[in-house]
1. Can you find, within the stretch 291-311, the residue that is nearest to residue 140 (Cα to Cα) among those that are assigned to a loop (DSSP other than H, G, I, E, B) and open to solvent by less than 10 Å² (accessible area, probe 1.4 Å)?
2. Tell me whether the stretch 263-280 contains one or more residues that are within 30 Å of residue 144 (Cβ to Cβ) and part of a loop (DSSP other than H, G, I, E, B).
3. How many residues are open to solvent by 10 Å² or more (accessible area, probe 1.4 Å) and not acidic (Asp, Glu) if we restrict to the stretch 441-459?
4. Any idea which residue in the stretch 312-361 is surrounded by the fewest Cβ atoms within 10 Å (Cβ to Cβ), counting only those that are basic (Lys, Arg) and either in a helix (DSSP H, G or I) or touching a Ser or Thr at 6+ places or on another chain (Cβ under 7 Å) (or both)?
5. Going through 172, 164 one at a time, which residue ends up being surrounded by fewer than 19 Cβ atoms within 10 Å (Cβ to Cβ) and closer than 25 Å to residue 251 by Cα?
6. So which of 537, 524, 532 ends up being in contact (Cβ under 8 Å) with a residue 24 or more places away in the chain, crowded, with 19+ Cβ neighbours inside 10 Å and among the aliphatic types (A, V, I, L, M)?
7. Restricting to the stretch 269-320, give me the number of residues that are within 30 Å of residue 541 (Cα to Cα) and among the β-branched types (Val, Ile, Thr).
8. On the given criteria, is residue 226 in contact with a helix residue (DSSP H, G or I) (Cβ under 9 Å, 6 or more places away or on another chain), in contact (Cβ under 8 Å) with a residue 24 or more places away in the chain and among the charged types (D, E, K, R)?
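The values are calculated or read from the model by the stated rules, or taken from the named source; none is laboratory data. Being a predicted model, the structure only gives us computed values, none of them experimental. Every residue, glycine as well, gets a Cβ built from its backbone with ideal geometry; the counts of neighbours run over all protein chains shown. Keep in mind that these areas ignore ligands, DNA and RNA; they rest on the heavy atoms of the full protein, side chains included. Shrake-Rupley method; radii C 1.70, N 1.55, O 1.52, S 1.80 Å.
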Amino acid sequence: MSSLDHVFNRRQLLAGGSVAAVGALLAGGGRASAAVSRTAPALLRAGRPQVTHGVQSGDVVGERAIVWARADRASRMWVEVATSERGERRMIKGPVVDASSAFTGKVDLDDLRSGQRTVYRVRFADLDDPTLLSEVAEGSFVTAPRSRGRDVRIAWTGDCVGQGWGINPEWGGMRCFETIRSVEPDLFLFDGDTIYADGPLKPAVTLPDGTVWKNLVAPGKEKVCETLDEYRGAFLYNLLDDNYRRLVSSTAMVSQWDDHEVVNNWYPGEVLEYRPEYAIENRVDVLAARSKQAFHEIMPTRPNRDEAGRMYRKIPYGPNVDVFVLDMRTYRSANSANLQTEQNAATAFLGEAQIAWLKRELKRSEATWKIISADMPIGLWVTDYSPANNPHQPGVQWWEAIANGDDGVPKGRELEIKDILTFLKRSHIENVVWLTADVHYCAAHYYDPAKAAWGEFDGFWEFVAGPVNAGTFGPNKMDTTFGAQVVFQKAPPAGQANLPPSAGYQFFGQIDVDGTTGAMTVKLVDVYGTVLFTQELAPSRRRGDD
């Protein structure tokens, strides 16, 4: 008898009626009737493992997907998944979860049906007594279509639980996630600032009108994150929200990180000597390593075989869509005045290896649309230290993102973008759309070479969405080096900043790609489901090489 039979069938351990009870538990999501309780007492007695934070799926690639869950103790993860239209099921023996992984486990499902909703069920079995099973946690996701003809819908946003705004059960929790779920996306792109490790929560915040915003406060959100366990708690915090759990249990997520997963505006090698709240650990490289470990433990990501913990990756989702997930944080140079005239180590933003990967994969892509999921915008001003408050270079403006406030020819980090755009034009790679979050408002930008200081590139769109549950800011100023035109933006009224989610300035983006024509429709949507802006994009069919 195999271990799988022992755990899920137990024909020699339980009476025949109890085997049926096990099936009933699997099919019923773990809610056993009184009859089941009488016939299968081993399943229901005290001391069995528990699924603590629901289930997630992510990084759907072709006919594969990652499934994630967390237990409350050391135990064995098992996953059941349907493998055919006839309802045939496959049991997969997952990893043993223990304290070394914060009791989280992942299974990489393969040989799935393309273009179909796949239902899976997760249980944990006690290590000493495998008849002690957790209740079933059920989830689903949609695999990528194999051929054209099937429409694809993608939602994206970022910026979650920042500026003191956490889960407020009295407001209905993080409601924008439920609005996202209601449009039934095939993929959910969580485009950075998925947590605010540097943003503790207070139990209550009094609003200007005298009402009180009440935060759920949990481990990882009581102070800035410094230890591994604190980062783990901050990433687990989102899963305490019913809306978030419903979304990630029914939609495959593609997650990426930006600065607040570690600390605001960080770069490799930085030491937080001006941040006294980092009394335990102020070396950013140490904090980033702890955050990265927690990120990959809690998020449903697939391990990279070439570089442990690597964030950038390609998500091919059928013949019409390839998603290129960037990492604009790990390989960057130190923040600076960002005005260098030659591309070198001091201007690094994506870094040589990631740029080479991006060029190679873009050139290989045969998808109609190449969606670049970036954690920061190209042309918007995103500043770091101001001249008056710069302890490193007093009197000098430092920049956090790509733009540098100089509308002339590309300089500093803009040189990497120039390099990429030049490559796209010379390689005749078209239908490239950039998505981002980060700035806490929504916008649509068109980069027009005819209006650029340097215009040797094909025009393209950049769409901005967020926050999903954080303070609202903006709009930011625009650097026009690459001819950026603000076609639409929605931000709080002038003079108002850090508005709570209840003010309504929470946003996400929605992309629909027609399976037959390849046409793309982009929408910017608010927390209440109101469509604020729509842009139709027709694909170009030209493709060739130098």
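1. Out of the qualifying residues, it is 300.
2. no
3. Of the residues in that region, 9 qualify.
4. Step by step, filter the stretch 312-361, then rank; the result is 360.
5. The unique qualifying residue is 172.
6. 524
7. Result for the stretch 269-320: 1.
8. Values: in contact with a helix residue (DSSP H, G or I) (Cβ under 9 Å, 6 or more places away or on another chain): yes; in contact (Cβ under 8 Å) with a residue 24 or more places away in the chain: yes; among the charged types (D, E, K, R): yes.
Taking the combined requirement at face value, the residue satisfies it.
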